[in-house]
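The values are calculated or read from the model by the stated rules, or taken from the named source; none is laboratory data. None of these values were measured; they are calculated from a predicted model. Methodologically, a virtual Cβ is constructed for each residue, glycine included, from the backbone with ideal geometry; neighbour enumeration extends over all protein chains shown.
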Amino acid sequence: MPLKKELHIQDGRVINYDKLLIATGAKPFIPPISGVQNVQYYCLHSLEDAKTIVNRAKASKSGEATIIGGGLLGLELAKALSDRGLNSTVIEIFPYLLPRQLDPEGGEFLQHLLNKKFRFSFILNAKSNSIKQENETITIHMDDVVHKCDFLLFSAGVKPRIELAQKAGIKVNRGILVDRFMRTNFEDIYAAGDVAEVNPSKFPDNAVGIIPAALDQAKVAAMNICDQEHPYTGTTPLTTLKIAGVDLTAIGQISLEANIQQFEECDYQKDIYRKLFFKDRELQGVILIGIKQDLPKLRALVSQKAPLKEVKDEINFDSFTASN
């Protein structure tokens, strides 16, 4: 009850607060596919989910798994199941893998590497229209493809947990709406992390599920809760990890706009892909696949929106060619 500054707990307790931070996070998003509510499927969100998926994999009769979602977690699920002897089919609605981190060429290059290393199959540019289960067989109908499986997993992103805020009358959209100080529409109530939605027109990249944004927002919320007025100024998107055993880094804006100047190195023999994105001759984003060379420098240069000349001075540009 925001007006009384009371938090009512499920066991009947009532906790009074001076200031409140809502950080309820997010839950797996299940696309509204016709028939999905009548199908046995799995999601990875908790340790218990992981144990359940491992046990299901051990019991697999077909040795096949199907994953709807070709993002980071979907590919990691495919790799984990491959390690346990299962073949995986990944279904992705976009025409290439990792659409939040990569451009089409980078997604194609990553798919090439994964096909070399693992027994993955990919169905891309495929919207799942309906799902039906008969006995153990699950049938997925897409626009041009019908796919059958007996072990289905979803990895289609996350959905903010806004139920508590809605009950309290706090303004929500996709997430809890907050200003640049992480404040909700109620005095002394803040939100941060996956559940928070900061002015999407000003900060379009701070989508849910991005850890750097959650950490930055938590720091800003804490400072303002402690009466140290400090605005949130955005987060430079950063993904750096091994995806199914392949080094991958994506920093900043990976933009496909016509006015973006791109420089790339694409070497299928060395399994290396690098691309730099410039707008108004300032560095906006970077993709690195299969290589970590110059990573600290490139992170700093993206944060500074360094001019093209400075980037050429800082890293070896000899292997790059203009790609547009």
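Among the residues of the stretch 63-76, is there at least one that is part of a helix (DSSP H, G or I) and of a type outside the set (A, V, I, L, M, F, W, C)? Yes, there is a match, as at least one residue in the stretch 63-76 is part of a helix (DSSP H, G or I) and of a type outside the set (A, V, I, L, M, F, W, C). Among the conditions (1) under 14 Å from the mean Cα position of the chain (by Cα); (2) modelled with pLDDT of 80 or more, the only one that Ile189 does not satisfy is (1). Closer than 30 Å to Leu276 by Cβ, touching a residue at least 40 places away in the same chain (Cβ under 8 Å) and not assigned by TED's automatic domain parsing to the domain that holds Lys275 - does that describe any residue in the stretch 78-97? Yes - at least one qualifying residue is present in the stretch 78-97. The listed residues are Asp179, Asp143, Asp103, and the only one of them that is of a type outside the set (Gly, Ala, Ser), assigned by TED's automatic domain parsing to the domain that holds Ala65 and surrounded by fewer than 18 Cβ atoms within 10 Å (Cβ to Cβ) turns out to be Asp143.
Exactly one residue out of Leu164, Leu152, Leu177 is farther than 13 Å from Thr235 by Cβ, touching an Asp or Glu at 6+ places or on another chain (Cβ under 8 Å), at pLDDT 90 or above and not β-branched (Val, Ile, Thr), and it is Leu177. If you take the residues in the stretch 164-188 that are outside any loop (DSSP other than H, G, I, E, B) and free of Cβ contacts under 8 Å to residues at least 40 places away in the same chain, which one is nearest to Ala221 (Cα to Cα)? That would be Val178. The set of residues in the stretch 278-292 being in contact (Cβ under 8 Å) with a residue 60 or more places away in the chain and on the phi < 0 side of the Ramachandran plot consists of Ile287, Ile289.
Note on the stretch 209-324: enclosed helices (runs of 4 or more DSSP H) holding 1 or more residues that are closer than 19 Å to Gly71 by Cβ and within 21 Å of the chain's Cα centre (by Cα) are 211-225. If you check Glu282, Glu265 for being under 20 Å from Glu105 (Cα atoms), of a type outside the set (A, V, I, L, M), touching a Lys or Arg at 6+ places or on another chain (Cβ under 6 Å) and surrounded by 13 or more Cβ atoms within 10 Å (Cβ to Cβ), only one passes: Glu265.
The rows are residues; the columns are (1) of a type in the set (Val, Ile, Thr); (2) more than 14 Å from Ser319 (Cα to Cα); (3) modelled with pLDDT under 90.
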{"site": "Gln253", "(1), (2), (3)": "no, yes, yes"}
{"site": "Ala258", "(1), (2), (3)": "no, yes, yes"}
{"site": "Arg274", "(1), (2), (3)": "no, no, no"}
{"site": "Leu288", "(1), (2), (3)": "no, no, no"}
{"site": "Gln293", "(1), (2), (3)": "no, no, yes"}
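Do we have Ala306 as surrounded by fewer than 17 Cβ atoms within 10 Å (Cβ to Cβ), small (Gly, Ala, Ser) and in the same structural domain as Ile251 (by TED's automatic domain parsing) here? Considered against the rule, which asks whether it is surrounded by fewer than 17 Cβ atoms within 10 Å (Cβ to Cβ), small (Gly, Ala, Ser) and in the same structural domain as Ile251 (by TED's automatic domain parsing), Ala306 comes out as no.
Evaluated against (1) at pLDDT below 90; (2) under 30 Å from Ala78 (Cβ atoms); (3) aliphatic (A, V, I, L, M), Ala322 falls short on exactly one condition, (2).
No other residue among Glu48, Glu64 is of a type outside the set (A, V, I, L, M, F, W, C), surrounded by fewer than 19 Cβ atoms within 10 Å (Cβ to Cβ), in contact (Cβ under 8 Å) with a residue 24 or more places away in the chain and in the same structural domain as Gln111 (by TED's automatic domain parsing) apart from Glu64.
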